[in-house]
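Everything on this sheet refers to the single structure shown next.
The values are calculated or read from the model by the stated rules, or taken from the named source; none is laboratory data. Remember, predicted model here, so these are calculated numbers, not experimental data. For neighbour counting, all protein chains shown are included, and Cβ atoms are generated from backbone atoms with ideal geometry for every residue, glycine included. To get the accessible areas, we keep the full protein, side chains included, count just its heavy atoms, and leave off ligands, DNA and RNA. Shrake-Rupley method; radii C 1.70, N 1.55, O 1.52, S 1.80 Å.
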Amino acid sequence: MKKFAIMAILAAVAVMSLGCISPPEEEGAAPETKNISEKEKMPAKISTLRIGYQPSTHQIAEMVASEKGWWAEDLKPFGITEIKEFEFPTGVPEMQAMVAGELDVAYVGTAPPISAIAAGLPAKIVAAVNINGSDLVIRPDLAFNGPASLAGLSIGTFQPGSIQDTVMKNWLMENGVDVSQVDIKGMDPGPAMSALFAGELDGVFLPHPSPSIIELKGMGVRAVASGEMWPNHACCSLVVTDRLIKEQPELVEQIIKTHIKATAYINAHPDEAAQIYTKKTNANITEVEHSVKNWDGKWISDPRVQIPSTVEYARIDYEMKYTKKELTEEDLFDTGLYERVKGTE
């Protein structure tokens with residue numbers, strides 16, 4: 001992923017650099033080529049906003065804002081005439097899309113942006129989306145007796161550099177378990193569940209609603225929640241490109257306002273939120289309602305809550321050699337926009 005990201009960023013930089021090169025002025029050149037107005041120098045405001053998200057109950061806020069028409073209604077005064085939404089199975093391909101310039105905004109796990117930003121992606125976390133919300137699920141015929149009992153087992157989870165990969169490996173290490181003794185397989189949630197159902201995995205560590213789906217089908221038993229592995233750990237976040245923050249900060253502030261409104265709505269109307277999620281993803285309403293009622297996650301919007309665990313993720317990623325440098329809070333967050341929004345309420 002890092003190699004892809006670096007290549008994409010270098011290519012983008014090369015293209016931008018070429019775009020900045022102009023031929024030397026020739027004597028007698030037409031006046032219009034010499035005198036560019038200040039208006040013409042200003043960057044063009046975007047009219048289409050491209051939002052990435054994943055089919056997880058963690059990110060229902062994006063779906064509520066879409067279903068209620070809030071993205072279109074709230075952003076129209078800022079010149080946005082079209083909202084394009086793109087679904088991704090996990091955060092790694094979502095960040096690859098942002099690196100390639102295909103997304104302006106991303107609802108994504110907090111860990112994948114660390115690798116992307118470390119590789120050069122100009123973007124920041126501007127709001128929180130949720131904390132906790134994943135479960136380790138083990139085959140019903142296996143006994144779970146703590147982290148050490150996973151030695152020799154095969155566990156499917158998201159790819160290296162994801163929230164789930166980082167939380168699980170850190171949990172194992174903190175409990176004295178050699179990570180190499182657990183066969184951790186990086187997989188998308190669909191293939192991971194299929195492999196578990198086929199008996200090809202001993203367990204999975206996935207975000208909701210996957211654990212509830214497995215449990216209700218009788219194919220696994222929830223062994224431990226991610227909030228037990230790492231209390232109140234950052235999970236999904238709202239990431240926005242630096243370009244949008246710099247060129248249209250008022251638009252970004254409204255994006256945050258709409259996200260806050262959607263988050264508050266979910267917490268006040270969880271049953272309706274489950275219905276919206278079901279409609280958006282064609283999921284089973286019983287499984288989604290079970291997930292919403294039984295997960296250990298919490299929908300939030302304040303990015304400051306996520307700073308401690310996110311900075312710790314960055315340290316772990318560096319130690320695991322997922323990144324070549326250890327990122328800081330300043331590298332990863334822009335909380336000023338959120339603070340301004342909350343200050344005007």
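The distance linking the stretch 159-188 with the stretch 62-85 is 37 Å (Cα centroid to Cα centroid, whole angstrom). Across Arg50, Arg304, the residue with the most accessible area heads the list, and the full order at a 1.4 Å probe is Arg304, Arg50. Relative to the Cα centre, the charge distribution of the stretch 254-301, modelled as +1 at Lys and Arg Cβ and -1 at Asp and Glu Cβ, gives a dipole magnitude of about 260 debye. Each Lys and Arg Cβ is given +1 and each Asp and Glu Cβ -1; about its Cα centre, the chain then shows a dipole of about 120 debye. In the chain, a dipole from Cβ-located charges (positive for Lys and Arg, negative for Asp and Glu) runs towards its positive end, and of Ser301, Pro209, Val311 it is Pro209 whose Cα lies farthest in that direction.
Applying a length cut-off of 15 Å (Cα extent along the axis) and a mean Kyte-Doolittle floor of 0.5 to the DSSP H helices of the chain leaves 2-20. When the pairs Lys45/Lys124; Lys45/Lys279; Lys76/Lys325; Lys84/Lys261 are compared against a 30 Å limit on Cα-Cα distance, Lys45/Lys279; Lys76/Lys325 fall above it. Solvent exposure of the chain amounts to 45 Å² per residue of accessible area, where only protein heavy atoms count and the probe is 1.4 Å.
Label separation (Asn145 vs Met173): 2.7 nm, computed from points 7 Å beyond Cα along the C-beta direction. Note on the chain: antiparallel DSSP beta bridges, both residues inside, total approximately 60 percent of the bridges counted. Accessible surface of Asp334, taken over heavy atoms with a 1.4 Å probe and every protein chain present, rounds to 40 Å².
Put +1 on the Cβ of every Lys and Arg and -1 on every Asp and Glu Cβ in the chain; which of Met229, Leu153, Ile46 then has its Cα farthest towards the positive end of the dipole? The listed residue farthest towards the positive side: Leu153.
As a fraction of the 1.4 Å probe accessible area of the stretch 186-301, surface on carbon and sulfur atoms comes out at 48 percent.
Placing unit charges on the Cβ atoms of the charged side chains and taking the dipole of the chain about its Cα centre, the candidate lying farthest along the positive direction among Ala198, Val99, Leu121 is Ala198.
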